[in-house]
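What follows is a set of notes on a single structure, which appears directly below.
The values are calculated or read from the model by the stated rules, or taken from the named source; none is laboratory data. Computed from a predicted model, the values in this text were never measured in an experiment. Cβ atoms come from the backbone with ideal geometry, glycine included; neighbour counts cover every protein chain shown. Heavy atoms of the whole protein, side chains included, go into the accessibility calculation; ligands, DNA and RNA do not. Shrake-Rupley method; radii C 1.70, N 1.55, O 1.52, S 1.80 Å.
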Amino acid sequence: SSRLSDKRVYPYYSRISSPSFSQTFAFRDLLLYYEEVQGLGWTDVAIISTTDEYGVNLATNFIETAEDDIDILTYQQFLPGASNINIELEEIKNSGARVILAFLFTGWETLVVEADKKGLVGEQYVWIVPDTIVGIPFTNDSNSDAAKLSRGLIGDFIFVPEPTTNPLGQAFLAQWYSVDPTEYYGAGITPTPFAFLAYDTMTTTALAIADLDSRGMFDGRRIP
């Protein structure tokens, strides 16, 4: 949440990676770049988001970031978990936009399948999604309709260094592949990029606590 970046409210809050709304700057630059190298149309976009804080926050930040450089033809919202999004997709189709930004945490499978029914998926359309869609497998079936329709999808993710190039990363992978996946969900298979960020967060936190403790900064009642 972008609210956590407000140091006046959360002065001691720290991040191990950039906040989710920072993706909107990358999306803006991406659209401007493709318009420059491929021609008009890339900056005439439609937005669809879920009505939860994540979706609205990303959509709002993108609209503010776009300013006069991006022409937002329509902005549609739907409830998380909704299966009937015909009206919203029809509005996008009527807008004439060929570039569609979908800001949602989950529900991509439903959205892309329903969009295809409206003729909004194919070589004439570009879909752009946040890291929650490209960083976490939205289906385990690579032959599903959603997986096939998602080929060519554009998304972004924070840079994650190759874990095998450092001892901590090697230790994490060795442990990850050795534990029981029934006890530790997702273990035993190739970890998602989010798994590395979570590991990095916990390792950094542990090192910080150890450093504070070595300085005698814990008084037994609270963390400073």
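For the chain, with every protein chain kept in place, what is the accessible area per residue (1.4 Å probe, Å²)?
Heavy-atom SASA per residue in the chain reads 60 Å².
Dipole of the stretch 91-203 (Lys/Arg Cβ +1, Asp/Glu Cβ -1, origin at the Cα centre): which of T165, I100, T190 lies farthest to the positive side?
Projecting each Cα onto the dipole axis, the largest value belongs to I100.
Excluding E123 itself, calculate the net charge of residues whose Cβ lies under 15 Å from the Cβ of E123, where each Lys or Arg counts +1 and each Asp or Glu counts -1.
+2
Report, by chain and number, residues whose modeled amide H sits under 5 Å from the one on V126, excluding near sequence neighbours (fewer than 5 apart, same chain).
V99, I100
What percentage of the solvent-accessible surface of the chain, computed with a 1.4 Å probe over protein heavy atoms, is contributed by carbon and sulfur atoms?
53 percent
For the chain: lysine pairs with Cα atoms under 27 Å, gap of 8 or more or different chains, count? Please report the intermediate quantities before stating the final value.
Numbers: K93/K117; K93/K118; K93/K148; K117/K148; K118/K148.
The number of close lysine pairs in the chain is 5.
Kindly provide the pair-distance distribution of the chain built from C-alpha pairs, with 10 Å bins from 0 and whole-percent values in order of increasing distance.
7, 26, 30, 22, 11, 3, 0
Of all GluC sites (Glu not before Pro) in the stretch 104-189, which ones are in loop regions per DSSP and have a Cβ with at most 16 other Cβ atoms within 10 Å? Before the final figure, lay out the partial values.
Values: sites: E109, E114, E123, E183; in loops: E123, E183.
When the GluC sites (Glu not before Pro) of the stretch 104-189 are filtered for loop state and at most 16 Cβ neighbours within 10 Å, E123, E183 remain.
Can you list the HN-Hα couplings for the stretch 182-190, worked out from phi with the Karplus curve (6.51, -1.76, 1.60; θ = phi - 60°), rounded to whole Hz and with x for Gly and Pro?
Values, residue by residue: 6, 9, 10, 4, x, 6, x, 10, 4 Hz.
Using amide H atoms built 1.01 Å from N in the peptide plane, name the residues 5+ places from Q77, or on other chains, whose amide H lies under 5 Å from its own.
Residues meeting the criterion, in which the H sits 1.01 Å from N, are S49.
If each DSSP helix of 4+ residues adds -39,500 (n - 2.57) and the sum is divided by the residues in the chain, what number results at 222 nm, nearest 500 deg cm²/dmol? Can you show the working numbers first?
Details: 8 runs with 93 residues, N = 224.
Rounded to the nearest 500, the figure is -13000 deg cm²/dmol.
Spelling out what I want: for every residue of the stretch 15-22, take phi, set θ = phi - 60°, compute 6.51 cos²θ - 1.76 cosθ + 1.60 (Karplus), and round to whole Hz; glycine and proline get x.
10, 8, 9, 5, x, 4, 5, 5
Report, in whole Å, the centroid distance computed from the Cα atoms of the stretch 84-115 and the stretch 150-168.
26 Å
Calculate how steeply helix 167-178 sits against the longest principal axis of the alpha-carbon atoms of the chain, using the helix alpha-carbon long axis, and give the answer as 0 to 90 degrees to the nearest 10.
Once rounded, the angle reads 80 degrees.
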